[in-house]
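Written below as structure tokens is the structure these notes are about.
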Amino acid sequence: QKEVEQDPGPLSVPEGAIVSLNCTYSNSAFQYFMWYRQYSRKGPELLMYTYSSGNKEDGRFTAQVDKSSKYISLFIRDSQPSDSATYLCAIQGAQKLVFGQGTRLTINP
Amino acid sequence: DTGVSQDPRHKITKRGQNVTFRCDPISEHNRLYWYRQTLGQGPEFLTYFQNEAQLEKSRLLSDRFSAERPKGSFSTLEIQRTEQGDSAMYLCASSLGPGLPYNEQFFGPGTRLTVL
């Protein structure tokens with residue numbers, strides 16, 4: 001079993017839709033949870049990080065962590081074509097990041 | 001540009017050849033990480049440095065792989081006797097630390113390796 005599981009998609013939605021991306025993880029010791037966005041042929045860039053359980057909002061993006069079920073989510077409101085990218089969830093281990101497989105998202109105009 | 005830079009951006013080589021990649025981290029960052037990303041997968045950790053000391057290596061880092069950070073600034077990743085399975089994007093990241101509970105890792109654009 002992988003430490004972090006993520007549905008690879010692909011996911012295609014119309015512009016303006018609410019997008020929900022999800023991951024599950026296995027190690028309950030993890031405390032920091034991240035979402036990275038990666039455009040084609042580029043390195044990942046950090047969107048948001050969350051410590052422990054709870055919600056964090058930044059503009060159109062909301063990150064949610066439920067440690068009891070080991071479930072992390074990213075919600076995108078009013079999705080835009082420029083949001084089209086691969087979204088990677090990541091957990092911070094001792095020093096390294098453990099990534100999910102990534103979900104490829106396309107927002108159709 | 002003060003971000004993480006990597007060179008080359010793309011390398012094509014024949015099986016059995018040696019290749020070397022370079023990473024220049026953000027100047028004040030003392031931690032440097034290497035990850036490998038294959039098509040359709042998330043990045044996988046290879047190794048990391050605290051200044052010039054290599055503190056952790058993944059089981060993915062076979063004997064054909066070696067990484068250095070001789071002066072605690074830039075780093076090189078060398079792959080000897082390349083195999084087709086080495087074809088991947090090699091990502092470098094850097095962060096502040098230690099002493100911080102959370103270290104944001106900033107990624108470079110990656111070096112895409114194609115082994116023919």
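Any read-out appearing in this document is the output of simple, stated calculations on the displayed coordinates, not a laboratory observation. Computed from a predicted model, the values in this text were never measured in an experiment. Quick reminder, even Gly has a Cβ in these numbers, built from the backbone with ideal geometry, and neighbours come from all protein chains shown.
Would you point out the residue of the range B:91-107, among those that are in contact (Cβ under 8 Å) with a residue 24 or more places away in the chain and either surrounded by fewer than 13 Cβ atoms within 10 Å (Cβ to Cβ) or not polar (S, T, N, Q) (or both), that is farthest from the other protein chains (Cβ to nearest Cβ)?
B:Leu96
Being free of Cβ contacts under 8 Å to residues at least 24 places away in the same chain and under 10 Å from the mean Cα position of the chain (by Cα) is the filter here; which residues of the range A:63-85 pass it?
Selection gives A:Gln64 alone.
Can you name the number of the only condition in (1) on the phi > 0 side of the Ramachandran plot; (2) buried (at least 20 other Cβ atoms within 10 Å of the Cβ); (3) not small (Gly, Ala, Ser) that A:Cys23 fails?
(1)
Of all residues being more than 17 Å from B:Phe106 (Cα to Cα) and within 14 Å of chain B (Cβ to nearest Cβ) in the range A:41-57, which is nearest to the chain's Cα centre (by Cα)? Just the residue, please.
Out of the qualifying residues, it is A:Lys56.
If I filter the range B:4-44 down to residues being aliphatic (A, V, I, L, M) and not in a loop (DSSP other than H, G, I, E, B), which single residue comes out as nearest to A:Met34 (Cα to Cα)?
Only one residue fits best here, namely B:Leu32.
Identify, please: which residue in the range A:74-109 is crowded, with 18+ Cβ neighbours inside 10 Å, of a type in the set (Gly, Ala, Ser) and farther than 15 Å from A:Tyr39 by Cα and is, among those, nearest to the other protein chains (Cβ to nearest Cβ)?
Of everything passing the filter in the range A:74-109, A:Gly100 is nearest to the other protein chains (Cβ to nearest Cβ).
Here is a yes/no grid of residues against (1) under 13 Å from the mean Cα position of the chain (by Cα); (2) more than 14 Å from chain A (Cβ to nearest Cβ); (3) assigned to a strand (DSSP E or B); (4) surrounded by fewer than 13 Cβ atoms within 10 Å (Cβ to Cβ):
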{"site": "B:Leu46", "(1), (2), (3), (4)": "yes, no, yes, no"}
{"site": "B:Gln54", "(1), (2), (3), (4)": "yes, no, yes, no"}
{"site": "B:Arg81", "(1), (2), (3), (4)": "no, yes, no, yes"}
{"site": "B:Met89", "(1), (2), (3), (4)": "yes, no, yes, no"}
{"site": "B:Pro109", "(1), (2), (3), (4)": "yes, no, no, no"}
